[in-house]
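First up is the structure itself, then whatever we jot down about it.
Throughout, read-outs are computed from the coordinates displayed, never taken from laboratory work. Keep in mind that this is a model prediction, so the values were computed, not measured. Here the Cβ positions follow ideal geometry from the backbone for every residue, glycine too, while neighbour counts run over all protein chains shown.
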Amino acid sequence: MVLPEIKEIKNRRLLMDDLSIRKFVKKINESGGYKVEDYLSVAWLHQVEEGTIPNPSYFKIKQIFDFLECEEQVKQITAEELCVPHKKFKKTTKSKSTATMEFCEIGTPILKVYNKMKEHKISQMPVLENGYCLGMITIKTVMDLTLEEGKLAKIYVDKKILDYTYNTVPAQCPLNSIRRLLKYYDYLLVENEGIIHGILVKEDLINELK
């Protein structure tokens with residue numbers, strides 16, 4: 001498991017009701033499931049936060065991030081609340097967005113997809129079947145098809161032209177995890193048991209952080 005950067009510990013600790021190191025360490029040690037020899041010390045954590053321990057114990061660092069994730073999930077806004085929802089879930093989702101997610105299906109005319117992308121200024125669109133994502137269609141694919149075929153009106157969405165490297169997060173994924181993921185990805189599909197409930201892009205996150 002790849003852990004977040006160690007420098008995140010202090011920032012995230014201070015966001016937890018501005019906890020002192022002493023109180024933070026006490027809460028972790030009292031959270032249960034650890035042997036006495038695995039307890040954290042205030043002095044050790046101070047050195048970790050200051051970067052004076054070159055290779056701190058992976059197990060202990062994981063303890064800290066596991067604790068942070070559990071505490072933060074209780075209070076944090078979730079992917080479901082941040083996303084642009086699928087129209088089917090517009091009334092039941094917790095999302096504050098007034099828009100709905102743009103998507104298409106197999107057999108949709110590429111020209112229609114292109115016009116939607118242009119209208120909404122988006123560079124990719126999920127292709128759904130019974131709520132499940134089959135893949136993404138990108139503006140690059142659309143443009144390449146134009147060059148190859150000449151007329152978009154004669155081309156339809158097909159599984160052969162889909163990009164299968166899309167990224168998903170569960171509906172209850174907390175804000176901190178979303179922030180880390182959107183450093184590397186342009187968008188995240190929000191799903192619940194495989195069914196796509198919405199889409200998250202960097203702009204949604206920036207609007208929330210404002």
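Report the full-extension gain for the segment K151 to L19: residue separation times 0.36 nm, less the Cα-Cα distance, to one decimal in nm.
Details: separation 132, 0.36 × 132 = 47.52 nm, distance 6.19 nm.
Here the segment from K151 to L19 would lengthen by 41.3 nm.
Of the cross-linked pairs K94/K118; K87/K154; K116/K159; K7/K118; K10/K118, those separated by over 31 Å at the C-alpha level are K7/K118; K10/K118.
With a cut-off of at most 11 other beta carbons within 10 Å, and DSSP calling the residue loop, which GluC sites (Glu not before Pro) in region 146-198 qualify? Please list them. Kindly include the intermediate steps, with their values, before the conclusion.
Working: sites: E148, E149, E191, E193; in loops: E193.
Answer by residue number: E193.
What are the aspartates and glutamates whose alpha-carbon lies under 17 Å from the alpha-carbon of K88, with same-chain residues fewer than 8 places away excluded? Those aspartates and glutamates meeting the cut-off are E80, E102, E105, E129, E191, E193.
As a proxy for reagent exposure, ranking M143, M117 by other Cβ atoms within 10 Å from fewest up yields M143, M117. Per-residue 3J(HN,Hα) values for region 100-117, derived from phi via the Karplus relation 6.51 cos²θ - 1.76 cosθ + 1.60 with θ = phi - 60°, read 10, 5, 8, 8, 9, 10, 4, x, 5, x, 4, 4, 5, 4, 4, 5, 5, 4 Hz in sequence order (x marks Gly and Pro). For G198, the residues whose modelled amide H falls within less than 5 Å of its own, excluding neighbours fewer than 5 places apart on the same chain, are H86, V190. This model, with +1 at the C-beta of Lys and Arg and -1 at the C-beta of Asp and Glu, gives the chain a dipole about its Cα centre of some 420 debye.
Derived scalar couplings between HN and Hα for region 176-188 equal 4, 5, 4, 4, 5, 5, 6, 6, 10, 10, 7, 8, 9 Hz in order, rounded to whole Hz, by the Karplus curve 6.51 cos²θ - 1.76 cosθ + 1.60 (θ = phi - 60°), x for Gly and Pro.
What does the net charge come to around E119 if you take all other residues with beta carbon closer than 14 Å to its beta carbon, with K and R at +1 and D and E at -1? The partial results should precede the final answer.
Values: positive: K112, K116, K118, K121; negative: E102.
Residues near E119 contribute +3 overall.
On a straight-distance basis, which aspartates and glutamates could pair with K140 in a cross-link, Cα separation under 12 angstrom, same-chain partners fewer than 8 positions away excluded? Counting by Cα, and skipping residues close in sequence, K140 has these aspartates and glutamates nearby: D163. To the nearest ten degrees, helix 58-75 and the longest principal axis of the Cα atoms of the chain are 60 degrees apart. The GluC sites (Glu not before Pro) found in region 91-126 that occupy coil by DSSP, while having at most 14 further C-beta atoms within 10 Å, are E105. For volume of the Cα convex hull per residue in Å³, pick the label among [x] 146; [y] 238; [z] 157 that corresponds to the value derived from the coordinates. Among [x] 146; [y] 238; [z] 157, the one calculated here is [z].
For region 44-177, the residue among P56, M117, Q172 whose Cα projects farthest onto the positive side of the dipole built from Cβ charges is M117. Straightening the chain between D158 and V36 buys 38.1 nm, computed as 0.36 nm per residue apart minus the Cα-Cα spacing. Of the residues Y187, Y58, the one with the fewest other Cβ atoms within 10 Å heads the list, and the complete ranking is Y58, Y187.
A Cβ-based charge dipole, computed about the Cα centre of region 8-75 with Lys and Arg at +1 and Asp and Glu at -1, lands at about 120 debye. Taking a straight Cα-Cα cut-off under 16 Å and skipping sequence neighbours fewer than 8 places away in the same chain, the aspartates and glutamates within cross-link reach of K183 are E5, E8, E203, D204, E208. Couplings for region 50-57, taken from phi via the Karplus curve 6.51 cos²θ - 1.76 cosθ + 1.60 with θ = phi - 60°, read 8, x, 8, 10, x, 9, x, 4 Hz in order; Gly and Pro are left as x.
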